[in-house]
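Below is one structure, written out as structure tokens; comments come after it.
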Amino acid sequence: MGSSISTAKMRSVSWNALEKVEPFTEAVKRQLEILKSTQRTKVFPRAALSDDQLDKVILCIWCLCYSGMPWRTVGLLSGVPFETVYSCFSRWERLGLWTNLLIDLFRRWRTACGDHPEPSVVIMDSRSCRSSPTCGKRGIDGGKKVKGIKMNIIVDKHGFPLSIVIATANTHDTTGILPGLKAISARGFRGKALGDLSYRGGTLQAQGLDLGITIETKAGGAKGTFVPTGLRWVVERSFAWLSRYRRLNTIFERTDTSLIAFVRIAFISILACRLHRLQTAENHA
């Protein structure tokens, strides 16, 4: 498979966050129906929600991620008790809804772009984020002068994640990315992993080869200036997408699972909107 990125099969539109709400809601409701048919445990914490309440709960979760609103505030504004919103969010995370939905949308987008559902080349990078004192883990990134956490992601050539790993900000990239490489290797990935010079080193190279992954590193900039090289730039764009979701700029989550869930929700929101645009364009063609 070539390394060039397919031309987007959609018309150019102005950026509008609210257009993501309806596709996100429909995607989550569709995945909930799948969960109901496959899980023995209840999908909802207590009694099943009405359609109107379910729409509000899903909208609240999206607003939490995009607007960075506190749990109690979003519950007050929506009229749904925040305990209900949080219970649904955490239960759906435990049942794998966010994970499975992101994988499904990821594969559908790659197929729509004419690619194989599973990539042969991935790109890895990290981003240090400030965190609040109540965050579950904190460290100091001396190079970037950031006290908080480090988000390590591995994406395909379109910029959508295969793996997300959270570590303290003082964790070296070669250490922080290793759990992600193990995760994608367990899913069957064999191929190249591209990264910047922070992933140099014989130890990571050897660990990658043991997993069936060849690690290639190239300089991502010069004298503090970012220089796009090959496919390396797409992971920087992925972090730029995440920066639009305010909850992912300053981290307040007390557990890694909650933070990873919100990262997945952000990418689900983007992918669901893109696929909705494609379907709308095909219907109008």
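Here is a list: GLY224, GLY195, GLY180, GLY220. Which entry is modelled with pLDDT under 95 and within 26 Å of ALA261 (Cα to Cα)?
Only one candidate qualifies: GLY195.
Restricting the first residue to segment 251-271 and requiring it to be touching a residue at least 40 places away in the same chain (Cβ under 8 Å), which pairs with a second residue that is in a loop (DSSP other than H, G, I, E, B) meet a Cβ separation below 6 Å and a spacing of at least six or different chains?
Short answer, once both residue conditions are applied: ILE251/CYS135; PHE252/SER132; ARG254/GLY136; THR255/GLY136; LEU259/GLU253; ALA266/TYR245; PHE267/PHE160.
Return the total of residues in segment 93-115 being in contact (Cβ under 8 Å) with a residue 60 or more places away in the chain and under 22 Å from LYS56 (Cβ atoms).
Within segment 93-115, residues that are in contact (Cβ under 8 Å) with a residue 60 or more places away in the chain and under 22 Å from LYS56 (Cβ atoms) number 5.
Conditions tested, residue by residue: (1) farther than 20 Å from CYS273 by Cα; (2) out of contact with any Leu (no Cβ under 7 Å at 6 or more places or on another chain); (3) surrounded by 12 or more Cβ atoms within 10 Å (Cβ to Cβ); (4) in contact (Cβ under 8 Å) with a residue 60 or more places away in the chain.
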site	(1), (2), (3), (4)
LEU18	no, yes, no, no
ALA27	no, no, yes, yes
ARG30	no, yes, yes, no
GLU33	no, yes, no, no
SER37	yes, yes, no, no
PHE44	yes, yes, yes, no
SER50	yes, yes, no, no
LEU54	no, yes, yes, no
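Just one of ARG46, ARG40, ARG94, ARG72 is touching a helix residue (DSSP H, G or I) at 6+ places or on another chain (Cβ under 9 Å), assigned by TED's automatic domain parsing to the domain that holds LEU259 and at pLDDT below 90; which is it?
Every option except ARG46 fails the conditions.
Working carefully through the options SER258, SER198, SER238, find the one that is hydroxyl-bearing (Ser, Thr, Tyr) and within 24 Å of ARG107 (Cβ to Cβ).
Just one listed residue meets the conditions, SER238.
With respect to the numbered conditions (1) free of Cβ contacts under 8 Å to residues at least 40 places away in the same chain; (2) surrounded by fewer than 17 Cβ atoms within 10 Å (Cβ to Cβ), which one is the sole condition not fulfilled by ILE215?
Every listed condition holds for ILE215 apart from (2).
When you go through ILE103, ILE153, ILE164 one by one, which is the residue that is modelled with pLDDT of 95 or more and in the same structural domain as LYS36 (by TED's automatic domain parsing)?
Answer to the selection: ILE103.
Criterion first (touching a Ser or Thr at 6+ places or on another chain (Cβ under 9 Å), over 27 Å from LEU32 (Cβ atoms) and surrounded by fewer than 22 Cβ atoms within 10 Å (Cβ to Cβ)) does GLY139 satisfy it?
Yes.
The values are calculated or read from the model by the stated rules, or taken from the named source; none is laboratory data. Small disclaimer: the values here were computed from a predicted structure and weren't measured. Note that we place each Cβ from the backbone using ideal geometry, even for glycine, and neighbour counts take in every protein chain shown.
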